[in-house]
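A quick write-up on the structure given underneath.
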Amino acid sequence: MPVEIKDMTFDKVASGPVSVRVYQGAEYAKGAPVLLYFHGGAFRETGLRHCPLAECIAGTGAIVAVPDYNASGSAFPEPLEVGFSIFSYLAKKRAGLGDRKSPLLVGGEEAGGNIAAGVALKARDHFADELDGQVLLSPLLDPFMATQSFSKADGIGMRERWSDGWSHYLSAGVCHPYAAPSLCSRLASLAPALVLSSADDPLLDETLGYAARLTEAGVTVRQHVLPAGTGWPGIYGGTLNGAGPWADTLSDQFCGFVHDISIH
């Protein structure tokens, strides 16, 4: 499905105006899912930039809003607070995106997946029942960076960038569960999750570890691991210009996830 892209500003967000790039399937239907999607960038990227994963998901008929969530500060807790403020705004107003029947989701890749997981935790703690699901695409969740799969970070030149990113994000000196969801001991009652990674992804182990802990806590989880060689690790480091061989799988998994949460 063709995707329309437009830039806009959410003026009435509690944390202040936020610039947003909206990806919208040209033939979206009534009740189309609205996904608040946080881009990656090792906690440091600011500004509106093209997001191939958001465009891919919008191609399923979804409405995907990608905010410049780091504009007012990229160290915890500012990005999380901005993200939750945008979620709260969309839950109440929708900003002209979707309609009353549209499920509201949060999601993101890499550092953006961390923000999405943190927003889901805060939504649970603030009894924000408007959150229908979370889409975690290789989320960057473990500040210790000690999993077996993380050794592959050297091969794609991301170890130092992620290490520096974590140091920056946690520079306030407090490792709150919202900042490092993998360390959170209380995961029950969270919104259902779609979790996706690939066999050659340095973030595979922390992604699957978090999915397993969500499942153990009674959270509904749909997970998928792409085979090696699909180019999925290209979502890191700014080397990805468009959709890769993973695109059909991502689209199918997202559609299946929306169908599942709609039934329940």
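The values are calculated or read from the model by the stated rules, or taken from the named source; none is laboratory data. On a predicted model such as this, the values are computed, not experimentally measured, just so you know. Glycine gets a Cβ as well: all are built from the backbone with ideal geometry, and neighbour counts include every protein chain shown.
Which residue, of LEU194, LEU208, LEU190, is farther than 19 Å from LEU53 by Cα, of a type in the set (A, V, I, L, M, F, W, C) and not in a helix (DSSP H, G or I)?
LEU190 is the lone residue from the list that is farther than 19 Å from LEU53 by Cα, of a type in the set (A, V, I, L, M, F, W, C) and not in a helix (DSSP H, G or I).
I'd like to know if the stretch 124-143 contains one or more residues that are touching a residue at least 12 places away in the same chain (Cβ under 8 Å), over 27 Å from TYR89 (Cα atoms) and in a loop (DSSP other than H, G, I, E, B).
yes
Among VAL106, VAL66, VAL135, which is under 26 Å from TRP246 (Cα atoms), at pLDDT 95 or above and touching a Cys at 6+ places or on another chain (Cβ under 6 Å)?
The conditions single out VAL66.
Among the residues of the stretch 77-92, is any more than 23 Å from ILE263 (Cβ to Cβ), in contact with a strand residue (DSSP E or B) (Cβ under 7 Å, 6 or more places away or on another chain), of a type in the set (Phe, Trp, Tyr) and part of a loop (DSSP other than H, G, I, E, B)?
no
Would you please name the residue that is surrounded by the fewest Cβ atoms within 10 Å (Cβ to Cβ), looking only at residues in the stretch 167-179 that are within 17 Å of the chain's Cα centre (by Cα) and touching a residue at least 60 places away in the same chain (Cβ under 8 Å)?
Once the filter is applied, the top-ranked residue is TYR178.
Just checking, does the stretch 119-126 include any residue being of a type outside the set (Lys, Arg) and crowded, with 24+ Cβ neighbours inside 10 Å?
The answer is yes; a qualifying residue exists.
Keeping to the stretch 154-179, report how many residues are in contact with a Gly (Cβ under 9 Å, 6 or more places away or on another chain) and among the hydrophobic types (A, V, I, L, M, F, W, C).
Summing the residues that are in contact with a Gly (Cβ under 9 Å, 6 or more places away or on another chain) and among the hydrophobic types (A, V, I, L, M, F, W, C) in the stretch 154-179 gives 3.
Scan the stretch 137-156 and give yes if some residue there is out of contact with any helix residue (DSSP H, G or I) (no Cβ under 6 Å at 6 or more places or on another chain), within 24 Å of ALA188 (Cβ to Cβ) and of a type in the set (Gly, Ala, Ser), otherwise no.
No, every residue in the stretch 137-156 fails to be out of contact with any helix residue (DSSP H, G or I) (no Cβ under 6 Å at 6 or more places or on another chain), within 24 Å of ALA188 (Cβ to Cβ) and of a type in the set (Gly, Ala, Ser).
Take SER197 and tell me if it is surrounded by fewer than 19 Cβ atoms within 10 Å (Cβ to Cβ) and either modelled with pLDDT of 95 or more or out of contact with any Asp or Glu (no Cβ under 9 Å at 6 or more places or on another chain) (or both).
No: the conditions fail for SER197.
When the residues of the stretch 144-160 are filtered to those that are within 14 Å of ASP205 (Cβ to Cβ) and of a type outside the set (Phe, Trp, Tyr), which remaining residue is modelled with the lowest pLDDT?
ALA146
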